[in-house]
1. Lys3 passes all but one of (1) charged (D, E, K, R); (2) assigned to a loop (DSSP other than H, G, I, E, B); (3) modelled with pLDDT of 75 or more; which number fails?
2. Starting from region 54-80, take each residue that is in contact (Cβ under 8 Å) with a residue 60 or more places away in the chain and list its partners that are in a helix (DSSP H, G or I) and open to solvent by 30 Å² or more (accessible area, probe 1.4 Å), counting only C-beta distances under 6 angstrom and pairs at least six apart or across chains.
3. Considering only residues that are within 25 Å of Lys102 (Cα to Cα) and among the acidic types (Asp, Glu), look in region 136-179 and name the one that is least open to solvent (accessible area, probe 1.4 Å).
4. State which residue is farthest from Ala25 (Cα to Cα) when the search covers only region 136-184 and only residues that are of a type in the set (S, T, N, Q) and assigned to a loop (DSSP other than H, G, I, E, B).
5. In the set Tyr44, Tyr103, which member is within 16 Å of the chain's Cα centre (by Cα) and at pLDDT 90 or above?
6. Which residues, taken from region 30-47, are open to solvent by less than 40 Å² (accessible area, probe 1.4 Å) and in contact with a Gly (Cβ under 9 Å, 6 or more places away or on another chain)?
7. Please count how many residues of region 56-92 are outside any helix (DSSP H, G or I), at pLDDT below 90 and either touching a helix residue (DSSP H, G or I) at 6+ places or on another chain (Cβ under 7 Å) or within 19 Å of Gly131 (Cβ to Cβ) (or both).
8. Which of the residues belonging to region 68-101 are under 24 Å from Tyr151 (Cα atoms), of a type in the set (Asp, Glu) and exposed (fewer than 11 other Cβ atoms within 10 Å of the Cβ)?
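The values are calculated or read from the model by the stated rules, or taken from the named source; none is laboratory data. These figures come from a predicted structure and were not determined experimentally. Cβ coordinates were reconstructed from backbone atoms using ideal geometry, including for glycine residues, and neighbour counts include every protein chain displayed. Keep in mind that these areas ignore ligands, DNA and RNA; they rest on the heavy atoms of the full protein, side chains included. Shrake-Rupley method; radii C 1.70, N 1.55, O 1.52, S 1.80 Å.
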Amino acid sequence: MIKQIPLALAISVLILFGCSSQPPATAKFKSNFNFSDIQSYSTYSRNSEFGESQNISYATRNNIETAIERSFDSKGLLYQTNDKADVIIGYHLIQDKQGLNKYNQGVKYCDPCLHSGLAVQDRKSWQLSPGSLVLDIVDQQDKRSVWRSVYPLKIRPKDNSQEVQDKIQHAIRIMMKTVPLALL
């Protein structure tokens, strides 16, 4: 005989699983860029004009850069200075449209140029909302973004520093899974 699950318990389980599911990272990339040629990377210097344009706390910058370094190092890529790296990794925590536009100019983001990837297949999932983290891989040759991923961090004011760090690391791990397979 099969026992019936109480309705309240079934609803609680559905709510629990519904709230805990993580959204997928979305990404766009330049299909004719050879990602397998990437052997080294860098991030924009904090003292550069580009780095200073971002309104991100020192602790959040450290968390983002550490997570970027862990992800790229785990792929066997070497961290180099900006002038020697094959690509530069840009990041931006979206706060408002004006800040995002300034960041886009810095990485020379061209939406029609990045015509492959998960976000192209499902335009509904390409959410550029406040609180989302944007990562770009910028080609050293033309200083233009060749890959972009977006992920909602959902950092709350009551989150402690460990929770913020965990959310950033999780987001970057998920985002890195969207880099074209040649790099992975």
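1. (3)
2. Between residues of region 54-80 that are in contact (Cβ under 8 Å) with a residue 60 or more places away in the chain and residues that are in a helix (DSSP H, G or I) and open to solvent by 30 Å² or more (accessible area, probe 1.4 Å), the close pairs are Asn63/Gln165; Ala67/Gln169.
3. Only one residue tops the list, namely Asp136.
4. Here the answer is Gln141.
5. After ruling out the rest, the residue left standing is Tyr103.
6. The answer is Thr43, and nothing else.
7. Adding up the residues that qualify gives 2.
8. Hit for region 68-101 is Asp96, nothing else.
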